[in-house]
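Just below is one structure, and these are the notes that go with it.
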Amino acid sequence: MKNVKLARRYAKALLIIGRDEGKTEVFRSELSAFVGLLDSYPDLEAAIANPIYNAAGRGALLVEVSSHMGLSKALSAFLKLLFDKGRFNLVRPVEEVFSALADEDNNVARASLTTAAALSDEAVEAIREGLSRLTGKKVLLSMAQDPGLIGGVVAQIGDLVLDGSVRTQLTKMRASLSEL
C-alpha cells in the first residue's frame, strides 16, 4: 500500500512536469520503453538496483542507459531521482500510474473488446463511438478474439464489463430453465 502511494506521488510529479513542458505523451512513451528494456534485460535491472554493487557505478550505468536510449533530460533526471532516493523499485508502478493519470488528463479511456470472430472496421468504429458516448471520453480499443464466445462481443472499460456474448446469454437461459 505504501509503495502504491509513493508511486502515485512520483507519477503525479512527473505528470505536472509533462504538462508544463507539453511532453506528457513523450514521457509516457519513454517511460514505457524504459520499463520494457528492464523487462527484456532483467540483469540490467539487477545491475542498477542491487545495493551490493557500488552506488556510483550503478548511477552511472543508469545515466548511460538513459543517454543511449535517447531519453529526454527531464525523464532521465526523474529516473536518476528515483535511483538517488532509493526508490528505483517503484519504476514499474510509477509507469502504470503515470499512464493512467495521463489518460485521465487527456480524457481518454482504454477499453478491451473481445469478439467471437473478426469484425469489420465499420463495426469496430461503431462500437468505439458507442463506448465514447457512454463514457464521455475518447476510447482506445484493444481487440481480442475468443471463439468460445460463440457470437457477440464483450467490452471492458476499467471495472465496467458489457457482455453481449451468446455464451453468456446461453448460460443465463440455462440458469433460468434450471430454476423451473
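Quick note: the coordinates plus some simple rules give every number you see, no bench work behind them. What you see is a predicted model, and the numbers here were worked out from it, not measured in a lab. Don't worry about glycine lacking a Cβ; one is built from the backbone with ideal geometry, like all the others, and counts go over all protein chains shown.
Only beta bridges with both residues in the chain are counted; by DSSP, about 55 percent of them are antiparallel. If you look at the Cα atoms of the stretch 2-104, you get an Rg and a Dmax of 12.9, 39 Å.
Other residues whose C-beta falls under 13 angstrom from the C-beta of Val139 contribute a net charge of +2, scoring Lys and Arg +1 and Asp and Glu -1.
Between rounded, prolate and oblate, where does the chain land on the alpha carbon gyration tensor, with a ≥ b ≥ c its root eigenvalues, rounded for a/c under 1.5, else prolate if a/b exceeds b/c? In terms of gyration-tensor shape, prolate. Each residue of the stretch 131-143 was assigned a 3J(HN,Hα) from its phi angle through the Karplus expression (A = 6.51, B = -1.76, C = 1.60, θ = phi - 60°), giving 5, 5, 5, 5, 8, x, 10, 6, 9, 9, 9, 10, 9 Hz with x at Gly and Pro.
Net charge near Val154, counting Lys/Arg +1 and Asp/Glu -1 over other residues with Cβ under 12 Å of its Cβ? Could the numbers behind the result be given before it?
Working: positive: Arg167; negative: Asp146, Asp163.
That works out to -1.
Can you give me the orientation-averaged projected area of the convex hull built on the Cα atoms of the stretch 119-180, in nm²? Before the final figure, lay out the partial values.
On the way: hull surface 21.1 nm².
Seen from a random direction, the Cα hull of the stretch 119-180 projects 5.3 nm² on average.
Can you tell me which lysines have their Cα less than 17 Å from the Cα of Lys73? Leave out same-chain residues fewer than eight positions away. Qualifying lysines at Cα under 17 Å: Lys23.
Taking amide H positions as modeled 1.01 Å from N, with prolines and chain starts lacking one, the residues under 5 Å from Arg110 and 5 or more places away or on another chain are Leu140. Ranked by the mean number of other Cβ atoms within 10 Å per residue, highest first, peptides 38-47, 56-65 order as 56-65, 38-47.
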